[in-house]
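Comments concern the structure below.
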Amino acid sequence: MKPVEEARAAPSVPAPEVSTARPEIALLLSVVFLAYLAQMTLNPIIAPLSREVGLAEWQIGATISIAAVMLVLTSQFWGRRSQSWGRKPVLVAAFTLAMVTMSLFALLAWLGMIGMIAGIELFLLFVLLRGIGFGTAISAVQPTAQAYIADVTSDETARVKGMAGVGAVQGIAMIAGAVVGGVLAVFDILAPLIAVPVLLAGGLILVAVRLRREPRHRLVEKPRPVSPFDARVWPFLLAGFGMYMALGFIQVLLGFVVQDRLGADAETTGLLTGGALLLAGLGLIVAQAVVVPRSGWRPATLLRVGGAIAFVGFTLLIPDAGLALLLASILVIGFGLGIATPGFTAGPTLMVGRDEQGGLAGLTTATAGLTFVIAPTASTALYGLGTAIPIVVGTAIMAVVTIFVLVHPRFRRLPVPASEPPPA
């Protein structure tokens with residue numbers, strides 16, 4: 001296969017009006033927040049829940065990997081449809097599917113805890129609901145928001161800030177989800193599962209009532225897909241893949257690491273895991289809401305600085321030296337990846353035309369999703385061989401990413417887009 005051309009003339013696709021861009025961005029960020037708040041509320045209790053219903057670590061890892069497969073398979077579809085159908089129809093469909101599947105998932109977990117469903121049947125239903133159903137639904141949210149931000153921002157600084165905004169609300173959702181999931185788990189491990197579809201229902205109502213549907217002339221009739229081998233974007237995709245792979249090697253394991261290193265019971269594990277995720281989200285928010293907007297750094301610089309900081313955090317997580325060092329390492333990892341991620345998401349948008357932005361947004365989301373096809377199953381399998389092994393592997397991956405963004409020439413040849421606003 002021949003590589004895609006290094007540069008390509010931007011297609012003559014009419015640009016959107018921008019008079020309502022800021023209110024629509026704020027509304028979309030609120031929608032992203034609710035979607036990821038629902039997802040993050042599950043994280044503190046997923047490890048103890050699996051043990052309460054009798055599933056093995058690898059089965060939870062496989063369920064999350066299958067959700068990531070759906071993210072990879074459907075993200076480009078949703079990203080392009082957000083340009084051709086409009087944001088509102090895509091998000092209504094996504095939130096409806098997510099709400100239904102997670103309501104059924106909560107019921108399934110309860111049936112598993114009382115012993116009415118067990119074994120392979122329980123595992124397959126976990127895969128169907130949490131893996132296939134919710135994975136397909138959540139894959140629509142981020143590409144839709146990113147494609148819109150790329151569509152209405154015409155200069156590099158505004159685009160980086162917009163992409164950082166998506167990351168910032170995800171960080172806020174991580175903190176809020178850690179609080180909601182961890183605190184509710186103290187009362188009952190099923191309580192966070194009941195909260196998830198309620199949050200998704202709130203997102204559905206917000207989209208249905210408040211989000212305006214674009215007029216037809218603002219849509220892109222035939223959005224173009226972007227190849228992962230496109231010479232304009234693949235170095236960014238590779239860097240992002242490495243970052244999320246390193247994160248994936250510890251994210252799914254965090255509950256198990258907390259429980260096994262500290263000897264905690266299920267409720268305490270949920271609370272402490274929630275606290276660790278809260279710190280990771282705090283680091284991400286400080287990075288993306290404060291450091292990135294004020295720094296004025298270009299995407300390549302964000303990748304280099306953030307990657308180096310995240311590598312330090314991964315290194316600190318390797319030794320089993322108590323709760324304080326564990327929490328500090330998670331905070332540093334969140335801060336470093338919070339700086340690096342807007343470089344990954346904003347950088348390639350400077351390289352493509354407007355009718356490719358939906359496909360690119362789907363591709364960057366799919367790149368992150370692909371890592372969670374591999375990492376959960378691989379990390380949980382390695383964890384069975386030695387509790388430090390997956391953490392060492394994640395640290396090594398992060399080191400390679402940091403070196404790659406320092407030496408590859410693509411990160412020294414980014415174009416600077418025109419600063420004038422798109423025509424109304």
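Every number here is computed from the coordinates shown, using simple stated rules; none is lab data. Every value quoted in this text rests on a predicted model; they were computed, and no experiment measured them. Cβ atoms come from the backbone with ideal geometry, glycine included; neighbour counts cover every protein chain shown.
About the Cα centre of the chain, what is the dipole size in debye to 20, counting +1 per Lys and Arg Cβ and -1 per Asp and Glu Cβ, all else neutral?
The dipole magnitude comes to about 1220 debye.
Rounded to the nearest 0.05, what FRET efficiency do residue 73 and residue 328 give with R0 = 35 Å and r taken as the Cβ-Cβ distance? Could you check?
Computed FRET efficiency for residue 73 and residue 328: 0.40.
By how many degrees, between 0 and 90 and to the nearest 10, does the Cα long axis of helix 21-52 differ from the longest principal axis of the chain?
Taking the Cα atoms of the chain, the angle to 21-52 is about 20 degrees.
Starting from the Cα of residue 100, step 7 Å toward the Cβ, then list every residue of segment 127-158 with an amide N under 18 Å from that point.
Those under the cut-off are 127-141.
Using the C-alpha gyration tensor of segment 35-175, what are the square roots of 5 times its eigenvalues, in whole angstrom, with the largest one first?
Largest first, segment 35-175 gives 32, 16, 12 Å.
Using label points projected 7 Å from each Cα along Cα→Cβ, tell me how many nm separate residue 318 and residue 381, to one decimal.
2.3
Once you put a point 7 Å from the Cα of residue 301 and another 7 Å from the Cα of residue 124, both along the Cβ direction, what distance in nm separates them?
Between residue 301 and residue 124, the label points sit 5.6 nm apart.
DSSP loop chymotrypsin sites (Phe, Trp or Tyr not before Pro) in segment 153-262 with at most 13 other Cβ atoms within 10 Å of their Cβ, which ones?
Here the chymotrypsin sites (Phe, Trp or Tyr not before Pro) that fit, given the DSSP loop and packing criteria, are 229.
May I ask for the Kirkwood hydrodynamic radius of the chain, worked out over all distinct Cα pairs and given in angstroms to one decimal?
For the chain, inverting the mean 1/r across all distinct Cα pairs yields 21.4 Å.
Within the chain, what's the longest stretch lacking GluC sites (Glu not before Pro) that sit in DSSP loops with no more than 10 other Cβ atoms inside 10 Å?
6-220
Give the Rg/Rh ratio for segment 33-102, taking Rg as the radius of gyration of the Cα atoms and Rh as the Kirkwood radius, to two decimals.
1.06
Using the beta-carbon distance between residue 412 and residue 116 and R0 = 41 Å, what value does 1/(1 + (r/R0)^6) give for FRET efficiency, to the nearest 0.05?
0.10
Once the Cα atoms of helix 299-317 and of the chain are each reduced to a long axis, what angle between those two axes, in degrees from 0 to 90 to the nearest 10, is obtained?
Rounded to the nearest ten degrees, it is 10.
At q = 0.09, 0.18 Å⁻¹, what log₁₀ I(q)/I(0) does a Debye calculation on the Cα points of segment 255-411 give, no solvent, two decimals?
For segment 255-411, the Cα-only Debye profile gives -0.34, -1.20.
Would you calculate the separation in nanometres between label points at residue 132 and residue 231, each defined as 7 Å from the Cα along the Cα-to-beta-carbon direction?
The modelled label-to-label distance comes out at 4.1 nm.
Mind computing the radius of gyration and Dmax over the alpha-carbon atoms of segment 79-157? Å is fine for both.
17.1, 57
So, in Å, what gap is there between the alpha-carbon centers of segment 39-70 and segment 173-250?
Cα centroid to Cα centroid, the span is 17 Å.
Taking a point 7 angstrom from the Cα of residue 188 along the C-beta vector, which residues in segment 99-126 have backbone N less than 17 Å away?
Taking a point 7 Å out along Cα→Cβ of residue 188, the residues of segment 99-126 whose backbone N falls under 17 Å are 103-116.
To test your reading of the geometry: what angle, between 0 and 90 degrees and rounded to tens, separates the Cα axis of helix 323-346 from the longest principal axis of the chain?
Approximately 20 degrees, to the nearest ten.
Given H placed on each backbone N at 1.01 Å, which residues far from residue 214 in sequence or on other chains put an amide H within less than 5 Å of it?
87, 88
Across all directions of projection, what mean area in square nanometres is found for the Cα convex hull of segment 137-240?
Reported value for the Cα convex hull: 9.5 nm².
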